[in-house]
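Undergrad: I am attaching a structure below and will ask some questions about it afterwards.
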Amino acid sequence: MSRYRISEADKVYAAEFKRNLDAGDWFHSPGLQRVLNAMRGGPSAGKYVLVVDEPFRRWSLGKTPGKRGDPIEIVPGHRFHSLKEAEWEVFKLRWRQHTGETLSL
């Protein structure tokens, strides 16, 4: 588990992530990479993920199970036709899991 904790000062990296998504730029600054590592690390149970329904066309929001090998839980009402929209939604949900606050960017 990462020792790094996401803080209020890291909101600049959330804005960077959104800008990168909009620009199709997958290069991240060291600060943003640190935030992403914190979001991706730790226990896997209940972590938001994307599930490919139809390659390059449709995705669903899922949550990882508590036990490896168990099926991913699909979150009802969360379907995406844009990878950019789907990635941003997962970022915001993970942000809320780590900070307890809702991003409003």
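The values are calculated or read from the model by the stated rules, or taken from the named source; none is laboratory data. Note that this is a predicted model, so its numbers are computed, not measured. Note that each Cβ is placed from the backbone with ideal geometry, even for glycine, and that neighbours are counted across all protein chains shown. In case anyone asks, the SASA skips ligands and DNA or RNA and just uses the protein heavy atoms, side chains included. Shrake-Rupley method; radii C 1.70, N 1.55, O 1.52, S 1.80 Å.
Undergrad: What spacing in nm lies between the two simple spin-label points modelled at ASP22 and LEU83, each 7 Å away from Cα in the Cβ direction?
TA: 2.0
Undergrad: What does the accessible area of ARG96 come to, in Å² to the nearest 10, when a probe of 1.4 Å is used?
TA: Spelled out: ARG96, probe radius 1.4 Å, area about 110 Å².
Undergrad: Rounded to the nearest 0.05, what FRET efficiency do ARG3 and ARG68 give with R0 = 25 Å and r taken as the Cβ-Cβ distance? Could you check? The partial results should precede the final answer.
TA: Working: r = 24 Å, r/R0 = 0.96.
Rounded to the nearest 0.05, the efficiency is 0.55.
Undergrad: Set the Förster distance to 25 Å, then compute FRET efficiency between SER29 and GLN97 from the Cβ-Cβ distance, nearest 0.05.
TA: 0.70
Undergrad: Arrange the peptides 22-29, 40-47 so that the one whose residues have, on average, the most other Cβ atoms within 10 Å appears first. Present the calculation step by step, with values, prior to reporting the outcome.
TA: Details: 22-29: 9.9, 40-47: 12.6.
The peptides rank, most packed first, as 40-47, 22-29.
Undergrad: Divide, for the chain, the radius of gyration over alpha carbons by 2.2 N^0.38 Å, where N is the residue count.
TA: Working: Rg = 13.9 Å, N = 105, 2.2 N^0.38 = 12.9 Å.
Cα-based Rg divided by the globular estimate yields 1.08.
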